[in-house]
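The structure appears right after this line, and notes come after that.
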Amino acid sequence: MKRTLNPIQWFFIVFCAGADRAIIEECPTEWQKYTSLGATVLFTGLLAWVSCGYALYSVFQSLHAAMIFGFLWGMVIFNLDRFIIVTLKKLDDKPFEKYGPFSGIFRIATEFFCALPRIVLALIIAITIAKPLEVKIFEDRLRDAIVQNKQDAIDRNKEQIEKRYKLNETPETKALEAKINKIEDELQSAEDPPLVKNHLRDKLKEAESVLVKSKSKKATNDQAIQQLAIPDSVSDPRREKLIDENKKLQYAVNMGQREVDKIKKEIDVLRYNHYKSKHDELEDIKRELRDAKADDASTHNVAHAEIEAMMQETGKSFSNTFVTQLEALGTLTENKTMRQISMMLTLLFFAMELAPIFAKLISKRGPYDERIDSIEYEYKIKQRKTREIEVLGVDAEQRIYKKRLEEWEESEIKSGKQLDE
């Protein structure tokens, strides 16, 4: 009695693994292998559904849309895996018998190179499935990385704005305030102008010294005249001489006093002009400082308004949860431990995705493969026969049949001789 597939076996073997029902039912020893292959393909598709659904839900925050589009993506992955399993065939050992003891190695290598494009496709699918699930697994750690990335973006944009408006540079107001402090210190110290300090002050001392000497000498002469005690009516040469000297000394004192007064007046004028110019300069700098502060305040207001707008835009740019999480995942995997865990998860999904391919590569050639090759060979012979009939004409079928019969008889004779030997 011929065995048939039950509904569960049909689902895994025919629907998931892509086996032909009519052929696989003739090969019951292959059912277990293709059931396992079908289950692997099914669970990979389900995993892709969950992964894509989570990614879409993170972006759109809609459960229905995530389930629908996640299901479509899962079906795409399921169909790709099913296609990979169906198109990957086990090769016959006969073409490789010429390599002797290395025939098995060459056969496996040929099958591997034939499967290489499918392995690359499986790697892409594995990464596509793994990344959203990595985001979910590292969700707690990603929150801190997202906050850090957002703050870094804000600081970077803020620094660019401050650089454009020169907020971090030493403002002009600082230099003006320094000038004001310097001038106020000079005014409080009552320091003389350079001309007074370097020339007129010495000139005044010299003039005062000459004046003091003249006055002192005149006072000495006046004292000497008094000591003579000679009446004014009496003529005395000594007294006359002292009086003449006093007249000259009085003239020198008068001239010296004028010189001193002149120098003092000149010093007073220079001091007045000096302090007046300092006061005028101080008022000009204070006015310039007020204008500079007003400009700085306006610039700061514009810059801070732009910074506020930038922070809002940066906040919006981090509103896409999934993209933000992927960026944070890249930051997080810079850590050696996190990078190893991420690699392990990717390799795990890669192994799951490659499981059907490697299972078929390492499995032995079974009856199902033999039956498929036989059907394909019969189809090729039929097509070749059809083409020969079209080329040779109406009677070609009989001649072809006769030719095939002769070739069969000749092969039988050769086989009989080999057996006799």
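The values are calculated or read from the model by the stated rules, or taken from the named source; none is laboratory data. Quantities reported herein were computed from a predicted structural model and do not represent experimental measurements. Neighbour counts run over all protein chains shown; Cβ positions are idealised from the backbone, glycine included. The protein model used for the area step is the full one, side chains on, heavy atoms only, and it has no ligands, DNA or RNA in it. Shrake-Rupley method; radii C 1.70, N 1.55, O 1.52, S 1.80 Å.
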Original post:
Being β-branched (Val, Ile, Thr), at pLDDT 80 or above and out of contact with any strand residue (DSSP E or B) (no Cβ under 9 Å at 6 or more places or on another chain), is that true of even one residue in the stretch 237-247?
Top reply: no
Subject >> Of residues in the stretch 200-220 being of a type in the set (A, V, I, L, M, F, W, C) and within 12 Å of residue 257 (Cα to Cα), the one nearest to the chain's Cα centre (by Cα) >> reply: 204
**OP:** Give the residues of the stretch 2-13 that are within 55 Å of the chain's Cα centre (by Cα) and surrounded by fewer than 18 Cβ atoms within 10 Å (Cβ to Cβ), sorted by residue number.
**Re:** 7, 8, 10, 11
Original post:
Between a first residue in the stretch 80-101 that is within 22 Å of residue 358 (Cβ to Cβ) and a second residue that is modelled with pLDDT under 70 and surrounded by 15 or more Cβ atoms within 10 Å (Cβ to Cβ), which pairs have beta carbons less than 7 Å apart while being 6 or more apart in sequence or on different chains?
Top reply: none
**OP:** Hey, can you tell me all the residues within the stretch 368-388 that are under 19 Å from residue 34 (Cα atoms) and either in contact with a Gly (Cβ under 7 Å, 6 or more places away or on another chain) or among the acidic types (Asp, Glu) (or both)?
**Re:** 369, 370, 373
Subject >> In the stretch 21-30, residue nearest to residue 357 (Cα to Cα) [restricted to those that are open to solvent by less than 70 Å² (accessible area, probe 1.4 Å) and either aromatic (Phe, Trp, Tyr) or not in a helix (DSSP H, G or I) (or both)] >> reply: 27
Subject >> Subset of the stretch 111-144 (residues that are open to solvent by less than 50 Å² (accessible area, probe 1.4 Å) and closer than 16 Å to residue 362 by Cβ) >> reply: 111, 115, 119, 122
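Rundown of residues vs (1) modelled with pLDDT under 70; (2) farther than 30 Å from residue 286 by Cα; (3) not in a helix (DSSP H, G or I), yes/no style:
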site	(1), (2), (3)
183	no, no, no
195	yes, no, no
204	no, yes, no
211	no, yes, no
217	no, yes, no
222	no, yes, no
230	yes, yes, yes
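Residues are listed down the side, and each one gets a yes or a no for (1) at pLDDT 85 or above; (2) touching an Asp or Glu at 6+ places or on another chain (Cβ under 8 Å); (3) farther than 16 Å from residue 15 by Cα; (4) β-branched (Val, Ile, Thr):
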| site | (1), (2), (3), (4) |
| --- | --- |
| 44 | no, yes, no, yes |
| 47 | no, no, yes, no |
| 60 | no, no, yes, no |
| 78 | yes, no, no, no |
| 102 | no, no, yes, no |
**OP:** Find all pairs meeting these conditions: Cβ atoms under 9 angstrom apart; at least six residues apart or on different chains; first residue within the stretch 59-71 and in contact (Cβ under 8 Å) with a residue 12 or more places away in the chain; second residue outside any helix (DSSP H, G or I).
**Re:** 59/320
Original post:
Can you name every residue in the stretch 256-280 that is closer than 16 Å to residue 182 by Cα and open to solvent by less than 80 Å² (accessible area, probe 1.4 Å)?
Top reply: 274, 275, 277, 278, 280
